[in-house]
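The values are calculated or read from the model by the stated rules, or taken from the named source; none is laboratory data. Remember, predicted model here, so these are calculated numbers, not experimental data. Cβ atoms come from the backbone with ideal geometry, glycine included; neighbour counts cover every protein chain shown.
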Amino acid sequence: MEELDGEPTVTLIPGVNSKKKQMCFDWGPGEMLVCETSFNKKEKSETVPGCPFIYIIRKDIDVYSQILRKLFNESHGIFVGLQRIEEELTGKSRKAQLPCFLSLQDAPCSCCMSFHFCRLVRVSKNYRSVIRACMEEMHQAAIAAKDPASGRQFSSQVSILSAMELIWNLCEILFIEVAPAGPLLLHLLDWVRLHVCEVDSLLADVLGSENPSKHESFWNLVTILVLQGRLDEARQMLSKEADVSPTSAGMCRILGDLMRTMPVLSPGNTQTLTELELKWQHWHEECERHLQDGTFASSPHLESLCKIMLGDEAALLEQKELLNNWYHFLVTRLLYSHPTVKPIDLHFYAQSSLDLFLGGESSPEPLDNILMAAFEFDIHQVIKECSIALSNWWFVAHLTDLLDHCKLLQSHNLYFGSNMREFLLLEYASGLFAHHRPSCLSSDCCSLWQLGVDYFDYCPELGRVSLELHIERIPLSTEQKALKVLRICEQRQMTEQVRSICKILAMKAVRNNRLGSALSWSIRAKDAAFATLVSDRFLRDYCERGCFSDLDLIDNLGPAMMLSDRLTFLGKYREFHRFYGEKRFFDAASLLLSLMTSQIAPRCFWVTLLTDALPLLEQKQVIFTTEQTYELMRCLEDLASGRPVRGEPGAQRLQEDIENTKLEMLRLALARNLARAIIKEGSLEGS
Amino acid sequence: MEEIYAKFVSQKISKTRWRPVPPGSLQTAETFATGSWDNEENYVSLWSIGDLGNVDSDGGFEGEHQLLCDIKHHGDVMDLQFFDQERIVAASSTGCVTVFLHHPNNQTLSVSQQWPTAHYHTGPGSPSRSSAPCTGVVCDNPEIVTVGEDGRINLFRADHKEAVRTIDNADSSTLHAVTFLRTPEILTVNSIGQLKIWDFRKQGNEPSQILSLTGDRVPLHCVDRHPNQQHVVATGGQDGMLSIWDVRQGTMPVSLLKAHEAEMWEVHFHPSNPDHLFTCSEDGSLWHWDASTDVPEKSSLFNQGGRSSTFLSHSISNQANVHQSLISSWLSTDPAKDRIEITSLLPSRTLSVNSLDVLGPCLVCGTDAEAIYVTRQLFS
């Protein structure tokens, strides 16, 4: 066992006093049942009334949110797309020897060498844009919320989603794009700019005012722009200041020049890192010289800006309010003191930035730990911390899967189940199946289960077993839903489940007196025993009513008739009736006889069959030949001799009398037919 | 290039239907109804694709459909049909049939009429009724016909409280869909691959005609009738096959076309351009079948004939069989089936596409992936 990662949280069950009462529980998929128990407290429980409720306790309640359902559905599409890329890739390596290899449509972009890499980055960006879309909508909902409680709930969801996106984006930069020294910092700057976005509204606010440079937030704005490395915009703001105050115009121009000349790596540029470092060193010295010379001494604002541009830690920490958080501090610090930071050194700066920023006043929060783990390139720690901090599996399952596709997780196996990717996907998918389960007690509703199926499909080790267990538990409210479930099972050759679902439906149909439906389902399940049962019901109904129901089905059984002997008999017996109805007496007679001689007809039905032969025997025309008549007689005697002769009183006796009269009538009819047949056959041979 | 707009709506969509445009008007489709299924709470919703300035205010993209109003629906929405401009008939998995009324003034929906136990099972030995899902509904003002898993056919009239006509045990298996053939006649398809024609003028519970696929008894899930040639009928089956039938002759389909890989949930002829057909399936695909690709050939034939109009009438009256392809491109038994051009309309495969509807140049479809797709340029 590993040690606990943190104190488990305590959930209080309303109405249960856990100090006085004991509780019992049972685990379910993604949730747990809890109720009060009087186990071991016999003497007291008799007097104190217990809590009459059973509680269902679930960890991830987010699934209820309408907006998050969009996240699940949209990301499902991306997830499946990603798995197909992988399949295509393995397919590609197989096809690589063939000449028709040039089938991949999208070309690699100029910045990188491989298709695969580019696609993975695109997939990651797609995931992020789904999170962002969800966040925007949640934000709108929070604004539009009518009562403050639901507004707060939406807002807290927004902050969770925003944290997710922040983490994902950092993971994308560090693990998926694997940006080298140089571009790394540009990516990190974008990352900070994307997530500290209050500046844009401030910018619009200030520029919109009559006299921007006199706006109360003017210097804050300029500072933020500098902190985020948006030097072009900062320079424009400074020029506005220069326009209105001639005294500081000169200083503004000098600082503006410094901003303009700061060497930066541009994506299209071919200069090497060493060149950049050299230029940057020159620029840095120039900034320092201006500060030493006291160029900006008369303007504290400008001087502090210059200090920031020199990467002065004390000056940066003075802007704590504007920086918001330690990772912003980190990126700004790197921008102005180590612009060509290597990925490997990141964790060192990150740790010291965190320490400096918090200054021992507060302890790091879960989000800080997650980001720190990412800067340390400890993927497993990132996933672990996220699993603990976030209330559902969506985030970790999708991120882990993506990182696994980047071949970053291969070495890690859990001491239980399969690998981490699969474990998380299984958890997530099980959650989808359990969605809305509690209310299923009364009706039908597990609306996200279809998404879960695809996730299970891509869990090579335990996915199938899990799917088999889950799919049988989906309530089948309508046949259409059942057909969808059946299709899922059939596509995966889950014959056992197909059979069980068809059986459930067949049983349901029998209970509803829908024999035709029941028969169709048992034929689909290839369930011979059940087909026999249903056929017997048909025959019984026939004996009672003297006519068949559901002819449209029985007349069209086709090859399905061979499923069970009884079903064959039912089909053939109906065929006999059809022949008879169409006055095809010879066909009818030979079919009737063959039903008995081939032993398809159940013994108990022979009396009925023989009785059915009566009208044929009584036709003017001779229908049964001598040979056929002999056969019939043999059947009759078989039947008579096989009957137990027991003299029992009452109704039984009466029944027996009727049966005996029937037999006598049959014997007579057979004898007469035999006589006629002998005469006819004799005279035919003679002529 | 056809542009398709997708919108995720947080509910699995079982049915989508365009509101009919008033006859004779030049308006294009702009409102459609959807029904959801398998959710804790299901809804019948009305959506608009028109550019309604006031609705668009929440920053929706141009061309994206906006929710006008919705109303809770008890049970899964199994089928949905517009009765007229304002009224929508919904079939429920609880066996209930409901008529909803749309009030355009304040954009709300209300229940205008309901038949709560239109479809039900009677268990053996117990007189209690348990509800049976109503699987299909079709409207022809003032009549409404419903079919269900109980194999029952109901004929309702909008102004009558009780069913005008009920055929109990009309089918031994589940009826999956229904459509009007000619006014007193309807067509049903069932789960053992049969197509039945019923005539309400006849008493009793026997269909006037049974057509079936041979042998295999593959369930049929949907049916649609050619808008102009009432004897031409298309059905879709569990194996994804498209069957074209001529109900005037034979008991077997005229042609069987291999189509989708799983259940075909709906098939629709284009109402005003019936050489085009649309199908959607459980396998997540939506197809456009175009049988009009040999049009140039036809016209050249006419031109050779010189006076094309007389030639046409002549050929129909005397040589109907020979020139059948001229009359209906769907009934031709020409082995060269490649005359039909098929296009897939959805960009990528998703979960099941449960329903589609076409009207003019507009198409709408709904999926289990909780998305509604709309295109307004079908033939561009």
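For the stretch B:1-21, what are the residues that are touching a Phe, Trp or Tyr at 6+ places or on another chain (Cβ under 6 Å), part of a loop (DSSP other than H, G, I, E, B) and either buried (at least 18 other Cβ atoms within 10 Å of the Cβ) or within 11 Å of chain A (Cβ to nearest Cβ) (or both)?
Within the stretch B:1-21, B:12, B:19 qualify.
Inside the stretch A:473-487, can you point out the residues that are outside any helix (DSSP H, G or I) and touching a helix residue (DSSP H, G or I) at 6+ places or on another chain (Cβ under 6 Å)?
Listed by number, the residues that qualify are A:474, A:475, A:476.
Looking only at the stretch A:504-535, count how many residues are basic (Lys, Arg), more than 18 Å from residue A:563 (Cα to Cα) and assigned to a helix (DSSP H, G or I).
2
Do we have any residue at all in the stretch B:210-221 that's away from every other protein chain (no Cβ under 12 Å) and either over 19 Å from the mean Cα position of the chain (by Cα) or farther than 29 Å from residue A:562 by Cβ (or both)?
Taking every residue of the stretch B:210-221 in turn, none turns out to be away from every other protein chain (no Cβ under 12 Å) and either over 19 Å from the mean Cα position of the chain (by Cα) or farther than 29 Å from residue A:562 by Cβ (or both).
Listed here are the residues, each with its yes/no results for (1) out of contact with any Cys (no Cβ under 7 Å at 6 or more places or on another chain); (2) outside any helix (DSSP H, G or I); (3) at pLDDT below 85.
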| site | (1), (2), (3) |
| --- | --- |
| A:248 | yes, no, yes |
| A:252 | yes, no, no |
| A:259 | yes, no, no |
| A:263 | yes, yes, no |
| A:266 | yes, yes, yes |
| A:279 | yes, no, no |
| A:284 | yes, no, no |
| A:289 | yes, no, no |
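Please verify whether the stretch B:138-145 includes one or more residues that are touching a residue at least 60 places away in the same chain (Cβ under 8 Å) and either under 21 Å from residue B:203 (Cβ atoms) or within 14 Å of chain A (Cβ to nearest Cβ) (or both).
Yes, the conditions are met somewhere in the stretch B:138-145.
Would you check which residues across the stretch A:550-560 are assigned to a loop (DSSP other than H, G, I, E, B), within 14 Å of residue A:515 (Cβ to Cβ) and at the interface with another protein chain (Cβ under 7 Å from one of its Cβ atoms) and list them?
Scanning the stretch A:550-560 gives a single hit, A:550.
When the residues of the stretch B:101-160 are narrowed to those that are farther than 30 Å from residue B:192 by Cα and hydroxyl-bearing (Ser, Thr, Tyr), which ends up surrounded by the most Cβ atoms within 10 Å (Cβ to Cβ)?
B:112
Starting from residues that are more than 14 Å from every other protein chain (Cβ to nearest Cβ) and in contact with a strand residue (DSSP E or B) (Cβ under 7 Å, 6 or more places away or on another chain), keep the ones in the stretch B:22-41 and report whichever is surrounded by the fewest Cβ atoms within 10 Å (Cβ to Cβ).
It comes out as B:28.
Would a scan of the stretch A:535-542 turn up a residue that is hydroxyl-bearing (Ser, Thr, Tyr), more than 10 Å from chain B (Cβ to nearest Cβ) and over 25 Å from residue B:239 (Cα atoms)?
yes
Just to verify a result, which residue in the stretch A:506-530, among those that are of a type in the set (D, E, K, R) and either closer than 12 Å to residue B:150 by Cα or at the interface with chain B (Cβ under 10 Å from one of its Cβ atoms) (or both), is surrounded by the most Cβ atoms within 10 Å (Cβ to Cβ)?
A:514
Since residue A:620 meets every condition but one in (1) in a helix (DSSP H, G or I); (2) surrounded by fewer than 20 Cβ atoms within 10 Å (Cβ to Cβ); (3) not acidic (Asp, Glu), which condition does it not meet?
Unmet condition: (1).
Residue check, residue A:579 against (1) crowded, with 17+ Cβ neighbours inside 10 Å; (2) part of a helix (DSSP H, G or I); (3) more than 60 Å from the chain's Cα centre (by Cα), all met but one. Which one?
Evaluating residue A:579 over (1) crowded, with 17+ Cβ neighbours inside 10 Å; (2) part of a helix (DSSP H, G or I); (3) more than 60 Å from the chain's Cα centre (by Cα) leaves (3) as the failure.
Checking residue A:592 against (1) more than 13 Å from chain B (Cβ to nearest Cβ); (2) in a helix (DSSP H, G or I); (3) more than 17 Å from residue A:606 (Cα to Cα), which single condition isn't satisfied?
The failed condition is (3).
Taking residue A:148 as the residue in question, decide whether it is under 19 Å from residue A:341 (Cβ atoms) and surrounded by fewer than 18 Cβ atoms within 10 Å (Cβ to Cβ).
no
What number of residues within the stretch A:557-594 are closer than 21 Å to residue A:639 by Cβ, hydrophobic (A, V, I, L, M, F, W, C) and touching a helix residue (DSSP H, G or I) at 6+ places or on another chain (Cβ under 6 Å)?
Matching residues across the stretch A:557-594 total 7.
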